[in-house]
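A quick write-up on the structure given underneath.
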Amino acid sequence: MSATTPGAPDAPDAPPRGTATGLGRVLVALYAVFAVAAVSRASVQIATRFTEAPLAYALSAFAGVVYVVATLGLARTGRRWRRTAWVACTVELLGVLTVGTLSLADAAAFPDDTVWSAYGRGYLFVPLVLPVLGLVYLRAESRRPARP
Amino acid sequence: MSGTLVAVVCGLAAVMGGWAVLTAARDRRVGRAHLAGLAVVELAVLALVADGVAALVTGTRPVELATSIAYLVVAPLVLPAATLWTLADRSRPSVLVLLVACLAVVVIAYRALLLFQVTR
């Protein structure tokens, strides 16, 4: 990403912090897609057949919320949002690893798929790659020279 | 839902996504030609949605009815949202948001086809 990228004029107290412009946008776009996908999937599952697999559907909803929070955390600027993004991406990585392992080990508890089942196989493993990309990006960004 | 139509949507979206990558690689910005291309893909998506709605109206009942309807509702919104977003930030990599959207359209069209194939 070019450091000289002309962006929209920022408020003086919120200088550009990477994810609001440029390559970070691609990441935010991916997160937004997954936020929509996970939230809609969970809404449908919970609204139509929650009793069939309460654990899987509750986790679906949780995954959806985490994606929404991660999207916001990455899209917004400022230290607090950055910290939010860190937490969300970490929870997401732990979630996809835990749920992925559980869904393979105890298939009975997961009769229906969630975004995180089998490490996100139903979503081309993007759910597994996304938090790693997010964390790498946040790390790279935090190492850039601090704002004055 | 017509498999041919799904193939057309996927093909057009793939071409548009490739174009976005080329544009970013050549350090160009989104121009009128891109908007025209996006409009073509969006028209194909709308045709697909119309096809899906027609199938529902004429009595096709996918097993995953609610999900199928959700796909038909979300599908036409993806490209306009990405376009607005790309135009709002004229930096070089923001063109790649279009790539993400085009890939999403491919996945949505394909999954919609699968959803409409499993009927009760």
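The values are calculated or read from the model by the stated rules, or taken from the named source; none is laboratory data. Model, not experiment: these values are computed from the prediction. Reconstructed Cβ throughout: ideal geometry from the backbone, glycine too, with neighbour counts over all protein chains shown.
Of note:
- Checked against (1) crowded, with 24+ Cβ neighbours inside 10 Å; (2) at the interface with another protein chain (Cβ under 8 Å from one of its Cβ atoms); (3) touching a Ser or Thr at 6+ places or on another chain (Cβ under 6 Å), B:ALA104 meets all criteria but (3).
- Matching residues, region A:30-59, being of a type in the set (Gly, Ala, Ser), modelled with pLDDT of 85 or more and more than 18 Å from A:VAL129 (Cα to Cα): A:SER40, A:ALA42, A:SER43, A:ALA47, A:ALA58
- Total residues in region A:127-140, condition surrounded by fewer than 18 Cβ atoms within 10 Å (Cβ to Cβ) and among the hydrophobic types (A, V, I, L, M, F, W, C): 6
- Sole exception among (1) closer than 26 Å to B:VAL95 by Cβ; (2) within 14 Å of another protein chain (Cβ to nearest Cβ); (3) part of a helix (DSSP H, G or I) for B:ARG29, by number: (3)
- When region A:92-127 is filtered for residues that are closer than 23 Å to A:VAL44 by Cβ, among the aliphatic types (A, V, I, L, M) and part of a helix (DSSP H, G or I), the ones remaining, listed by number, are A:VAL96, A:VAL99, A:LEU102, A:ALA107, A:ALA108, A:ALA109, A:ALA118, A:VAL126.
- Candidate set from region B:71-88 (those that are within 11 Å of another protein chain (Cβ to nearest Cβ), modelled with pLDDT under 90 and surrounded by fewer than 20 Cβ atoms within 10 Å (Cβ to Cβ)); member that is farthest from B:LEU43 (Cα to Cα): B:ALA88
Condition check ((1) more than 15 Å from B:ALA14 (Cβ to Cβ); (2) free of Cβ contacts under 8 Å to residues at least 40 places away in the same chain) across all residues:
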| position | (1), (2) |
| --- | --- |
| B:PRO76 | yes, yes |
| B:ALA81 | yes, yes |
| B:LEU103 | no, no |
| B:ARG111 | yes, no |
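- The number of residues in region B:1-26 that are over 30 Å from B:THR119 (Cα atoms) and either in a helix (DSSP H, G or I) or touching a strand residue (DSSP E or B) at 6+ places or on another chain (Cβ under 7 Å) (or both) comes to 11.
- First in region B:36-56 and over 18 Å from B:THR83 (Cβ atoms), second anywhere and surrounded by 18 or more Cβ atoms within 10 Å (Cβ to Cβ) and among the aromatic types (Phe, Trp, Tyr), Cβ under 7 Å, 6 or more apart: B:GLY52/B:PHE116; B:ALA55/B:PHE116
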